[in-house]
């Protein structure tokens, strides 16, 4: 079993994307706003995979230099200020080359377009990442 | 889509400008700048044909033409109010500014001299001529043309320039505002569609994969099929609440309210039964009949659907029997001496915090207590319902009380029997 955090306000609609991962026995914690993410920092820092949308509502969080891509800004904070080193899949409707380049620079392992992603594709990506990151063992 | 809208806006902008040119008889430009993007100055051929001889002569030289355009752009960019401005070469322009959302619009033009202020014009011209090292013959020709330019008396400024520019500017700003709302609606609907279709695709893919695998039909396949059905329903909500609500014009007629409410209830009775929730209805009759209300039936019907659906979907299914109920009651109720009918929708389940009682009627807002299976909407149903109630000159409010195991939430809708004459 692995711990996955999915940060996305659309998850109610596209919740089925993680169904195959759940069937494999992985635990998925669903968060939908920046505020909720900040309430669950410990869960995020210790997770085995973060699935993230770049478009996020702020929730109760007040962000400095608030911008359109709050997910990207939040990831930068996790990486640069909190030493977050866990693998990340970005799954978003946004398709912009410059943004993709920024996300890759932040060490995002995979960028998926929501409109083209299926549950099996997401599972394949997650399995591939865990295979390549042998330091993330299965939990019991 | 954006290109189509941009072309349409450009055409409308040019038409407005030409109209302003006709009204004033002077050359005008319109400058539009969107936050974070460079501004764009539009001058139509019709407008150029009204330029003063001075300006025409200046524009014969590409370098001086570029200077004129840069000066126009710079003054429009820095203008924040309406008033007279002296151009870099000595003619006066009038500017009118508007802020529409993230767009700044400046109508600028009327190359003219102001009576009594010729000295200022010539001083500015001399600065320009010195800076450009104009040859003596050109300098003399330009000065001659400047002095021949149209002169306006200060007291004529109002009706010659201010009023027509303001009127045309108001018109254009109103158009931009309408277009902004339209764009916002299209963007929201497109996003909703994209997400819902993505969700359908994910669920259909899961179900297909499961069905292709050997073996009997399993529980999760039934869940996937049910998910697909629910998501199709939600996509239908997007179409009905956004697109149809936006496109159909309301038509007001007297209709009995009873069948409208009962129609909405019947549509959700089976969904309620699946959750073990019963729906109780008690609509007060007037002289043994359901009262007649002047309404736009298709609009009000959809609003009633949204309110019943809301009550059903946010009802808890694990409650004691007495609380697994949605109550719909109707009472004749005059308000401020206007005869009307109040319909209340009550349910036990997800509550609404006090500070959200206004927010939940905003487009796209979803209550903060809603989660997982109790968060299945697009956040547009209540927005649409309130718009419809307001369209009927009615009122809508919500209250929520913590009853321990669940919140009792009640939406009150009040509708007047009659609509004002202009509504018919």
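Readers should treat all values here as calculations from the given coordinates under stated rules, not as data from a laboratory. Note that the coordinates shown come from a computational prediction; the quantities given were computed from them, not determined experimentally. Note that each Cβ is placed from the backbone with ideal geometry, even for glycine, and that neighbours are counted across all protein chains shown.
Output needed for the range B:249-331: three equivalent-ellipsoid semi-axes, defined as square roots of 5 times the C-alpha gyration tensor eigenvalues, in descending order, whole Å. Mind showing how you got there, number by number?
Details: eigenvalues 138, 46, 13 Å².
Over the Cα atoms of the range B:249-331, the semi-axes work out to 26, 15, 8 Å.
Using Cα atoms only, what is the angle between the long axis of helix B:118-131 and the major principal axis of chain B, expressed in degrees (0 to 90) to the nearest 10?
Between the helix axis and the principal axis of chain B, the angle is about 80 degrees.
So how far, in whole Å, is the C-alpha centre of the range B:263-308 from the one of the range B:127-177?
The range B:263-308 and the range B:127-177 have Cα centres spaced 64 Å from each other.
Based on the Cβ-Cβ distance of residue B:49 and residue A:106, what FRET efficiency does E = 1/(1 + (r/R0)^6) give at R0 = 51 Å, to the nearest 0.05? Mind dumping the intermediate values first?
Working: r = 56 Å, r/R0 = 1.09.
Computed FRET efficiency for residue B:49 and residue A:106 comes out at 0.35.
Measure nothing fancy, just the Cα-based angle from helix B:163-212's long axis to the longest principal axis of chain B, in degrees from 0 to 90, nearest 10.
The angle comes out near 40 degrees.
When each pair of different Cα atoms in chain A is counted once in the 1/r mean, what is the Kirkwood radius in angstroms, to one decimal?
For chain A, inverting the mean 1/r across all distinct Cα pairs yields 15.0 Å.
Take the range B:174-285, drop everything but the C-alpha atoms, weight them equally and run the Debye formula without solvent; then report log10 I(q)/I(0) at 0.11, 0.19, 0.23 Å⁻¹ to two decimals.
Evaluating at q = 0.11, 0.19, 0.23 Å⁻¹ gives log10 I(q)/I(0) of -0.63, -1.10, -1.22.
When you look at the Cβ of every residue in B:187-199, what mean number of other chain Cβ atoms sits within 10 Å? Can you show the working numbers first?
Values: counts 0, 0, 0, 0, 3, 1, 0, 4, 7, 3, 1, 11, 8.
If you average over the peptide's residues, the count of other-chain Cβ atoms is 3.
Mind ranking B:47-53, B:106-112 by how tightly packed they are, going by the mean number of other C-beta atoms within 10 angstrom, highest first? Mind showing how you got there, number by number?
On the way: B:47-53: 16.9, B:106-112: 25.4.
The packing order, highest mean first, is B:106-112, B:47-53.
Between residue B:321 and residue B:390, what length in nm is gained on full extension when 0.36 nm per residue of separation is reduced by their alpha carbon distance?
Result: 21.3 nm gained on full extension.
Choose one answer from B:249, B:136, B:264: the residue with the largest mean-square fluctuation in a GNM of chain B with alpha-carbon springs under 10 Å.
Top of the fluctuation ranking is B:136.
Where does each of A:50-56, A:115-121, B:323-329 land if you order them by average Cβ count within 10 Å, highest first?
Working: A:50-56: 24.0, A:115-121: 16.7, B:323-329: 19.6.
In descending order of packing, they fall as A:50-56, B:323-329, A:115-121.
How much length, in nm to one decimal, is gained on full extension between residue B:7 and residue B:353, taken as 0.36 nm per residue of separation minus their Cα-Cα distance?
So the extension gain works out to 120.1 nm.
Starting from the 7 Å offset along Cα-to-Cβ, what nm value, one decimal, do you get for the label separation of residue A:127 and residue A:81?
According to this spin-label approximation, the distance is 3.8 nm.
So how many Å³ per residue does the convex hull of the Cα atoms of the range B:1-105 work out to?
That works out to 113 Å³ per residue.
Compare B:144, B:302, B:278 in a GNM of chain B, Cα atoms joined below 10 Å, and give the one with the largest fluctuation.
B:144
What Kirkwood radius, in Å to one decimal, follows from the Cα pairs of the protein assembly as shown?
It works out to 28.7 Å.
So what's Rg/Rh here for chain B, counting alpha carbon atoms and using the Kirkwood radius for Rh?
Result: Rg/Rh = 1.18.
With everything on Cα atoms, drop me the angle between helix B:297-313 and the longest principal axis of chain B, reported from 0 to 90° to the nearest 10.
60 degrees
Pick from B:394, B:169, B:36: which residue has the top mean-square fluctuation in a GNM of chain B where Cα pairs under 10 Å get a spring?
Highest fluctuation of the listed residues: B:36.
Please compute, for the alpha-carbon atoms of the range B:251-423, the extent along each of the three principal axes and give them in descending order in Å.
Over the range B:251-423, Cα extents along the principal axes are 46, 33, 26 Å.
For peptide A:112-120, compute the average count of partner chain beta-carbon atoms within 10 Å of each residue's beta-carbon.
Mean inter-chain Cβ contacts per residue within 10 Å come to 4.
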